[in-house]
Amino acid sequence: MMLRRGFILFLPRLVGLLVVACCSVSIVYMLACTPRGDNQQLALPRVHRPTAKEGYEAILQEREEQHRDYIVSLKKQIAQLKAELQGRSKQLKNVQGQHSDSLDIRLDHSNPEKAQANLLAFLRSQIDKAEVHSGVKLSTEYAAVPFESFTLQKVYQLETGLTRHPEEKPVRKDRRDELMEVIELAAGSLNTAAGDGNAKHRVYTASDFVEGIYRTEKDKGTLYELAFKGDAKHQFKKIVLFRPFGPVMKVKNENVNIADTLINVIVPLAKRASKFRQFMQNFREMGIQQDGRIHLTVVYFGKEQMNEVKSILENTSKSANFKNFTFIQLNEEFSRGKGLDVGARFWKGNNVVLFFCDVDIYFTAEFLNSCRLNTQPGKKVFYPVLFSQYNPSIIYGHRDSIPSLEQQLVIKKETGFWRDFGFGMTCQYRSDFINIGGFDLDIKGWGGEDVHLYRKYLHSNLIVIRTPVRGLFHLWHEKQCLDELTPEQYKMCMQSKAMNEASHGQLGMLVFKQEIETHLQRQKLSSKKT
């Protein structure tokens, strides 16, 4: 058994030796039997000839030189690859260093000179990345970042929305300060350049500014190009400025636990029982079943349809086993501000998030979490911009039937708009609402009370979070602007009514409906004749 195992182990070695021996014999045979070349010289000298030794040495030397050249070539390629690898590694380290510096520049007080140098290097790199000195290849026409133009008094902008106009004075203080700072800095730069020589030069001021353009690349900075009056009629001074955005810095890292954060949804109501039934279907699904950390306060004005509303509320309570609701009845004329104020002050529990809501609002469970995340007592209040639905009968008039409500609630240009002129839906802690003084109870009826409260928060030290949200919708309903409204309220009501019907293009189709039908009839007649 041992002999067999040893033989098996020795067999591969024996085969290898035989292969080597055969190869050696073949080489010797080839060297000895090589035929003469055309020049009557031997390609490989025969072994028995006296010149064999010199011939082999020459061949070996030639082969050695070829191998040496090949090795040198390989070494060069390896050196190039090493250099490229080192370069890529250095780039990666620089990128990593920029990201780490962006977190540490402000916080690293141990080496302020290094932090300042890193910051300056980063800001200079922002100019190189932006389209300042040369263009950048873009994939489509939509990828271009447009400029906006401005003069000393006006800004001309593309992204207008509903509260901004194509031409307007800069209303926001930060925009005014930004443009004035740029104009003054440009004038100062022109004066500095002109003052380098000994000759007298004109002094440039803001009044010499003619026009400018600017655009912002969110990850790089803002580019400004300004033109000033020159020394002659058709001469101008042009100056280009760039405000680089600094590196991203970590400001705060905290855990937020909203598991026990209760939201009190306050709804003022008068009549509108059918709308309340629809609202309660949404409230039951999103508020009770999916969220579960919610309270409902209904402040009802008058007695008409009151029993029907209470019945809807009680049936929901029984079927969903929901007890967290309050019903308050007021025997007076409807006032939205009064209803919300009464509902907020009626709460006697711990500090709670108040969500001021209307009966024609649809919200999701995700929105309720956004409401919690964007409010903080004594710190932040939340003013979401909701998506307002157009008239479904116009949007889906070309279809056989109108889709279900859930299918209608999609955020598209054809289905609705961001209601950026409305401030009625808001989330805040009750303590902040009480401390700010609540609503102005002198405002009656529809409109005005929400703007008044919004301005109170803006005039306080609280942070106002204003942003579009994907989970809050205003359901379309026909608006009626009552005669008893004040002129200002009536104007606001009519503006809101006009905005609610359809998009610009859809309304245009309605206006030109007769012309379109006439054209179609002519097409049919011409096709029959042919």
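Residues that are surrounded by 15 or more Cβ atoms within 10 Å (Cβ to Cβ), in contact with a His (Cβ under 7 Å, 6 or more places away or on another chain) and either within 30 Å of Leu269 (Cα to Cα) or not assigned by the TED database to the domain that holds Ile411 (or both): does region 476-484 have at least one? No, region 476-484 contains no residue that is surrounded by 15 or more Cβ atoms within 10 Å (Cβ to Cβ), in contact with a His (Cβ under 7 Å, 6 or more places away or on another chain) and either within 30 Å of Leu269 (Cα to Cα) or not assigned by the TED database to the domain that holds Ile411 (or both). In the same structural domain as Gly422 (by the TED database), touching a Cys at 6+ places or on another chain (Cβ under 9 Å) and under 27 Å from Val265 (Cα atoms), is that true of Lys456? Spelling it out, it is not the case that Lys456 is in the same structural domain as Gly422 (by the TED database), touching a Cys at 6+ places or on another chain (Cβ under 9 Å) and under 27 Å from Val265 (Cα atoms).
Would you confirm, using the coordinates I've provided, whether Asp341 is assigned to a loop (DSSP other than H, G, I, E, B), charged (D, E, K, R) and in contact with a Gly (Cβ under 7 Å, 6 or more places away or on another chain)? It is false that Asp341 is assigned to a loop (DSSP other than H, G, I, E, B), charged (D, E, K, R) and in contact with a Gly (Cβ under 7 Å, 6 or more places away or on another chain).
Only residues that are touching a helix residue (DSSP H, G or I) at 6+ places or on another chain (Cβ under 8 Å) and open to solvent by 70 Å² or more (accessible area, probe 1.4 Å) were counted across region 271-287, and they come to 2. Residues in region 409-440 that are of a type in the set (Val, Ile, Thr) and closer than 30 Å to Asn350 by Cβ: Thr426, Ile434, Ile436. Counting just the residues of region 238-269 that are more than 22 Å from the chain's Cα centre (by Cα) and within 30 Å of Thr205 (Cα to Cα), which one comes out surrounded by the fewest Cβ atoms within 10 Å (Cβ to Cβ)? Looking at residues that are more than 22 Å from the chain's Cα centre (by Cα) and within 30 Å of Thr205 (Cα to Cα), I get Val240. Considering only residues in region 330-383 that are among the acidic types (Asp, Glu) and over 22 Å from the mean Cα position of the chain (by Cα), the one that is most open to solvent (accessible area, probe 1.4 Å) turns out to be Glu333.
The set of residues in region 204-226 that are under 32 Å from the mean Cα position of the chain (by Cα), over 12 Å from Ala130 (Cβ atoms) and either among the aliphatic types (A, V, I, L, M) or surrounded by fewer than 17 Cβ atoms within 10 Å (Cβ to Cβ) (or both) comprises Glu211, Ile213, Leu226. Among (1) farther than 28 Å from Gln376 by Cβ; (2) in the same structural domain as Ala270 (by the TED database); (3) hydroxyl-bearing (Ser, Thr, Tyr), which single condition is Thr467 missing? All conditions are met except number (1). Considering Phe387, Phe356, the condition of being aromatic (Phe, Trp, Tyr), in the same structural domain as Ile288 (by the TED database) and at pLDDT 95 or above is satisfied by Phe356 alone. Cβ-Cβ distances below 6 Å connect the following pairs, each with a first residue in region 316-329 that is open to solvent by 70 Å² or more (accessible area, probe 1.4 Å), a second residue that is of a type outside the set (S, T, N, Q), and a separation of six or more residues or different chains: Asn324/His295.
With modelled with pLDDT under 75, among the basic types (Lys, Arg) and surrounded by 13 or more Cβ atoms within 10 Å (Cβ to Cβ) as the only criterion, which of Lys129, Lys137 stands out?
Lys129
Of everything in region 289-321 that is in contact with a strand residue (DSSP E or B) (Cβ under 8 Å, 6 or more places away or on another chain) and hydrophobic (A, V, I, L, M, F, W, C), the residue that is nearest to Leu262 (Cα to Cα) is Ile294.
If you go through region 434-466 and pick out every residue that is open to solvent by less than 50 Å² (accessible area, probe 1.4 Å) and part of a strand (DSSP E or B), you end up with 3. Checked against (1) part of a loop (DSSP other than H, G, I, E, B); (2) within 34 Å of the chain's Cα centre (by Cα), Asp400 meets all criteria but (2).
The set of residues from region 410-428 being assigned to a strand (DSSP E or B) and open to solvent by 30 Å² or more (accessible area, probe 1.4 Å) comprises just one member, Trp418. For beta carbons closer than 8 Å, sequence separation of 6+ or different chains, a first residue in region 336-361 that is within 18 Å of Asn282 (Cα to Cα) and aliphatic (A, V, I, L, M) and a second that is assigned to a loop (DSSP other than H, G, I, E, B) and modelled with pLDDT under 95, the qualifying pairs are Val359/Arg272; Ile361/Leu475. Residues of region 493-530 that are assigned to a helix (DSSP H, G or I), open to solvent by less than 100 Å² (accessible area, probe 1.4 Å) and aliphatic (A, V, I, L, M): Met494, Ala498, Met499, Leu507, Leu510, Ile516, Leu520. When residues in region 493-508 are screened for being aliphatic (A, V, I, L, M) and modelled with pLDDT under 80, 3 of them pass. Against the test of being part of a helix (DSSP H, G or I) and open to solvent by 80 Å² or more (accessible area, probe 1.4 Å), the options Leu185, Leu190, Leu179 yield a single qualifying residue, Leu185. Can you find even one residue in region 297-307 that is within 26 Å of Val469 (Cα to Cα), polar (S, T, N, Q), open to solvent by less than 20 Å² (accessible area, probe 1.4 Å) and over 30 Å from the mean Cα position of the chain (by Cα)? Yes, the conditions are met somewhere in region 297-307.
The values are calculated or read from the model by the stated rules, or taken from the named source; none is laboratory data. Remember, predicted model here, so these are calculated numbers, not experimental data. As a convention, Cβ positions derive from the backbone with ideal geometry for all residues, glycine included, and neighbour counts pool all protein chains shown. Calculation scope for accessible area: heavy atoms of the full protein, side chains included, ligands and nucleic acids excluded. Shrake-Rupley method; radii C 1.70, N 1.55, O 1.52, S 1.80 Å.
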